[in-house]
Amino acid sequence: MTDGPTTALMRKAYSRWAPIYDVVYDKLTEPAARAAVNAAVACGPRVLEAGVGTGLSLGYYPRQAEVYGVDLSEDMLRRAQAKVEQRGLSHVKSLRVMDVTHLDFPDEMFDAVTAQFIITLVPEPETALSEFARVLKPGGEIVLANHWGQPSGPVATLEELAAPVAKAIGWSSAFKASRVEAWARTTGRMEVVELRSLFPVGFFKLMRIRKRV
């Protein structure tokens, strides 16, 4: 168990953020979200988007995709559903309230699972990652787009100083990519196959974790 936010606190926070989330995050996160979507659909058409939020990335998927979105916040999902209806996003097959640490999907259902900007906020990130791996087909990938804290050096020092501000807007510099890499090693089936920097200036990174066949 981590000392991060509880599920109840997260639900309350997302309820407050829902009305202004798109204004704050849309342009800043779009390049990273598009990169995550492209990596996910490259694995196959059936994709689970964990922490779909207000559905900012739903329009980035190709029409032949089959997208299932889940989120902890009903307020966020109402806005996502409105986007689906207004834009005719027929590739979105369902949007459901769900805790990513307890996914209500059968084993090996998805070609890819993507989580954008949420894994550092989940109270039990390793539990969520294990759930992503469970519902993922062999050969499929978990695709994470996130801000990861630098492991060392002057940038890491600045991130630690700025940690209270970063935490307030939902990005934790204390959470390093090495934590996800360590989880992958413990599974015996998951392998990190890519970690690359994204716009802006590497603040966000894309991580792809493949499930061995």
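Some values worked out for this structure:
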read-out: Under Karplus coefficients 6.51, -1.76 and 1.60, residue-wise ³J(HN,Hα) of region 55-60 in Hz, glycine/proline x; value: x, 4, 8, 4, x, 7
read-out: Angstrom value of the Kirkwood radius, inverse mean 1/r, which spans all Cα pairs in region 31-152; value: 14.2 Å
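Each value in this text was obtained by applying a stated rule to the coordinates, not by laboratory testing. Keep in mind that this is a model prediction, so the values were computed, not measured.
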